[in-house]
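Chemist: This is the structure I want to talk about, given as structure tokens.
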Amino acid sequence: MTIHKNFNLKPYNTFSIEAHCAAFAEVTSVEDVQAFLRDNTMPIQLLGGGSNVLFLEEFYNRFFIKNSIEGIKIVQNTEGGDSGNSGSVLVEIGGGVNWHEFVLWTIENDLAGVENLSLIPGTVGAAPIQNIGAYGVELKDVFESLEALNVQNIDIQTFTKQNCHFGYRDSVFKNELKDKYLITKVVLKLQKTPTQLHTAYGDISKTLSEKGIENPTIRDISNAVMTIRQSKLPDPSVIGNAGSFFKNPTIPKTEFDVLKTKFPNIVGYPNDREGVKVAAGWLIEQCGWKGKRFGNVGVHERQALVLVNYGEGKGLEIKDLSQQIQASVFEKFQIRLMAEVNFL
Ligand code: EPU
């Protein structure tokens with residue numbers, strides 16, 4: 001394992017913020033991390049694909065460990081029963097595998113379940129931390145278990161779906177176990193033929209019919225999701241960003257109904273019996289922020305939920321912009337937006 005001193009993290013965060021750390025190392029195996037942690041005395045910071053973090057400062061006393069544990073393998077193959085279902089597989093994936101490369105692997109191997117999650121930046125190990133989701137599917141829908149290394153006592157521990165406490169863009173690893181575990185592998189359950197294709201959300205069915213596809217395969221859905229994402233979301237390799245900066249807030253239905261009388265076009269989806277999930281992108285756009293640029297940073301022109309770094313932006317400039325957006329959304333709609341991105 002090579003240790004780089006005084007390392008520039010700019011290529012390791014999709015916001016492309018320049019920040020330096022005392023030391024940086026990529027770990028490729030569990031033994032690697034254990035050996036390293038046994039000797040280490042410096043405060044450590046775990047990093048996956050860097051696609052959901054905003055660096056606010058320099059880290060001159062911190063050791064960054066990037067999880068690059070590779071590997072994808074089928075560990076269990078279950079035949080289908082008489083009920084017409086064609087069976088499932090359990091796939092074990094290294095925490096450092098690039099998420100989208102894994103999705104492409106599932107398409108090549110005709111395994112259904114994650115096609116709607118195509119093109120999400122980041123790593124497989126980071127996916128459970130915020131329960132990644134898009135186009136009607138969340139990681140928790142296919143999640144079986146994960147293995148993680150406790151960075152304090154270097155023990156390996158298994159987490160089932162139940163003890164991950166998954167919620168909307170949330171899990172135990174964003175709360176009481178924040179920064180305490182390095183996720184070494186994730187096990188997902190995929191279907192050999194799709195039991196359910198999710199085409200109802202957003203523009204998927206429209207995109208499929210534009211392409212003249214009536215009976216889509218998982219590859220068709222993956223391609224449609226990629227087309228939609230590429231048309232709306234900026235490519236982090238071209239312009240720095242971390243996807244949605246805020247979560248879509250859930251408000252009580254009674255509050256939503258009052259807002260609806262004042263703002264008839266407000267976009268919201270019933271969430272549970274009492275709540276409505278409001279499209280934060282719509283709220284931000286109504287406050288006039290969409291496409292606005294302020295020096296090095298700004299709000300994306302096609303999706304107001306995405307804040308961007310035009311090149312030389314600082315983490316604090318993005319944070320400052322995000323706070324101004326929160327204040328104006330609160331003033332107009334009395335709704336508090338919460339960041340989805342982690343501030344470091
Ligand atoms: N909208 C606007 N203006 C905007 C953006 C959106 O009016 O600038 C409206 C749209 O017209 C639409 C609604 O808001 O009616 C929802 O927009 P969209 O389908 O683009 O999805 P989103 O709610 O803004 C969420 C996720 C995305 C995910 C998409 C698709 C969150 C915080 N974001 O965005 O996830 O790709 O749905 O499923 O839940 C991410 O987490 O980084 C991310 C990109």
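Chemist: Take residue 333 and tell me if it is among the hydrophobic types (A, V, I, L, M, F, W, C), farther than 23 Å from residue 55 by Cα and touching a Leu at 6+ places or on another chain (Cβ under 9 Å).
Modeler: On the way: among the hydrophobic types (A, V, I, L, M, F, W, C): yes; farther than 23 Å from residue 55 by Cα: yes; touching a Leu at 6+ places or on another chain (Cβ under 9 Å): yes.
Spelling it out, residue 333 is indeed among the hydrophobic types (A, V, I, L, M, F, W, C), farther than 23 Å from residue 55 by Cα and touching a Leu at 6+ places or on another chain (Cβ under 9 Å).
Chemist: If you scan the range 269-288, which residues turn out to be in a loop (DSSP other than H, G, I, E, B) and more than 9 Å from the ligand (Cβ to nearest atom)?
Modeler: Let us first name the residues in the range 269-288 that are in a loop (DSSP other than H, G, I, E, B), namely 271-274, 279, 287-288.
Across the range 269-288, the qualifying residues are 271, 272, 273, 274, 287, 288.
Chemist: Checking the condition of a type in the set (A, V, I, L, M) and within 27 Å of residue 9 (Cβ to Cβ), which residue from 258, 299, 267, 278 passes?
Modeler: Numbers: 258 fails: within 27 Å of residue 9 (Cβ to Cβ); 267 fails: within 27 Å of residue 9 (Cβ to Cβ); 278 fails: within 27 Å of residue 9 (Cβ to Cβ).
Of 258, 299, 267, 278, the one residue that is of a type in the set (A, V, I, L, M) and within 27 Å of residue 9 (Cβ to Cβ) is 299.
Chemist: Still on this model: I need a count of the residues in the range 1-31 that are outside any strand (DSSP E or B) and either open to solvent by 40 Å² or more (accessible area, probe 1.4 Å) or under 26 Å from residue 309 (Cβ atoms) (or both).
Modeler: Step one: list which residues in the range 1-31 are outside any strand (DSSP E or B), which gives 1-3, 9-19, 28-31.
Now narrow it down to the ones that are either open to solvent by 40 Å² or more (accessible area, probe 1.4 Å) or under 26 Å from residue 309 (Cβ atoms) (or both): 1-3, 9-19, 28, 31.
Residues flagged as outside any strand (DSSP E or B) and either open to solvent by 40 Å² or more (accessible area, probe 1.4 Å) or under 26 Å from residue 309 (Cβ atoms) (or both) within the range 1-31 amount to 16.
Chemist: Considering only residues that are open to solvent by less than 10 Å² (accessible area, probe 1.4 Å) and more than 15 Å from residue 282 (Cβ to Cβ), which ones fall in the range 293-339?
Modeler: Once the filter is applied, which keeps residues that are open to solvent by less than 10 Å² (accessible area, probe 1.4 Å) and more than 15 Å from residue 282 (Cβ to Cβ), the range 293-339 yields 297, 298, 307, 308, 309, 313, 315, 318, 321, 322.
Chemist: Same structure again: Show me the strands (runs of 3 or more DSSP E) entirely contained within the range 49-105 in which 2 or more residues are at pLDDT 95 or above and of a type in the set (Val, Ile, Thr). Full working, then the answer.
Modeler: Numbers: elements: 59-67, 72-79, 87-94.
In the range 49-105, 72-79, 87-94 are the strands (runs of 3 or more DSSP E) which contain 2 or more residues that are at pLDDT 95 or above and of a type in the set (Val, Ile, Thr).
Chemist: Continuing with the same structure: Go through (1) over 22 Å from the mean Cα position of the chain (by Cα); (2) closer than 21 Å to residue 202 by Cα; (3) within 12 Å of the ligand (Cβ to nearest atom) for residue 301 and report which single condition fails.
Modeler: Checking residue 301 against (1) over 22 Å from the mean Cα position of the chain (by Cα); (2) closer than 21 Å to residue 202 by Cα; (3) within 12 Å of the ligand (Cβ to nearest atom), the one that fails is (1).
Chemist: Under 6 Å between Cβ atoms, which residue pairs at least 6 apart in sequence (or on different chains) link something in the range 285-303 that is among the hydrophobic types (A, V, I, L, M, F, W, C) with a partner that is open to solvent by 40 Å² or more (accessible area, probe 1.4 Å)?
Modeler: From residues that are among the hydrophobic types (A, V, I, L, M, F, W, C), the pairs are 287/332; 297/317; 299/290; 299/292.
Chemist: So how many residues does the range 206-223 have that are hydroxyl-bearing (Ser, Thr, Tyr), free of Cβ contacts under 8 Å to residues at least 12 places away in the same chain and surrounded by 15 or more Cβ atoms within 10 Å (Cβ to Cβ)?
Modeler: Residues that pass the stated criteria total 1.
Chemist: Ok, one more. Just one of 138, 79, 101, 144 is closer than 21 Å to residue 228 by Cα and open to solvent by 60 Å² or more (accessible area, probe 1.4 Å); which is it?
Modeler: On the way: 138 fails: open to solvent by 60 Å² or more (accessible area, probe 1.4 Å); 79 fails: closer than 21 Å to residue 228 by Cα; 144 fails: closer than 21 Å to residue 228 by Cα.
Only one candidate passes the filter, namely 101.
Chemist: Tell me which of these residue 156 doesn't satisfy, since it passes every other one: (1) more than 14 Å from the ligand (Cβ to nearest atom); (2) under 17 Å from the mean Cα position of the chain (by Cα); (3) in contact (Cβ under 8 Å) with a residue 60 or more places away in the chain.
Modeler: Failed condition: (2).
Chemist: Kindly indicate the residue of the range 107-122 that is open to solvent by less than 10 Å² (accessible area, probe 1.4 Å) and not hydrophobic (A, V, I, L, M, F, W, C) and also nearest to the ligand (Cβ to nearest atom) among those meeting that condition.
Modeler: Within the range 107-122, the match that is nearest to the ligand (Cβ to nearest atom) is 116.
Chemist: Taking the range 46-68 on its own, how many of its residues are more than 18 Å from the chain's Cα centre (by Cα) and open to solvent by less than 60 Å² (accessible area, probe 1.4 Å)?
Modeler: If we filter the range 46-68 for residues that are more than 18 Å from the chain's Cα centre (by Cα), which is where we start, we get 56-65.
Still in the list and also open to solvent by less than 60 Å² (accessible area, probe 1.4 Å): 56, 59, 62-65.
Number of matching residues: 6.
Chemist: Follow-up. Determine whether residue 269 is modelled with pLDDT of 95 or more, open to solvent by 80 Å² or more (accessible area, probe 1.4 Å) and hydroxyl-bearing (Ser, Thr, Tyr).
Modeler: Numbers: modelled with pLDDT of 95 or more: no; open to solvent by 80 Å² or more (accessible area, probe 1.4 Å): yes; hydroxyl-bearing (Ser, Thr, Tyr): yes.
No: the conditions fail for residue 269.
The values are calculated or read from the model by the stated rules, or taken from the named source; none is laboratory data. All figures in this text were calculated on a predicted structure; none of them were measured in a lab. As a convention, Cβ positions derive from the backbone with ideal geometry for all residues, glycine included, and neighbour counts pool all protein chains shown. When the accessible area is computed, the model is the full protein with side chains, heavy atoms only, and any ligands, DNA or RNA have been set aside. Shrake-Rupley method; radii C 1.70, N 1.55, O 1.52, S 1.80 Å.
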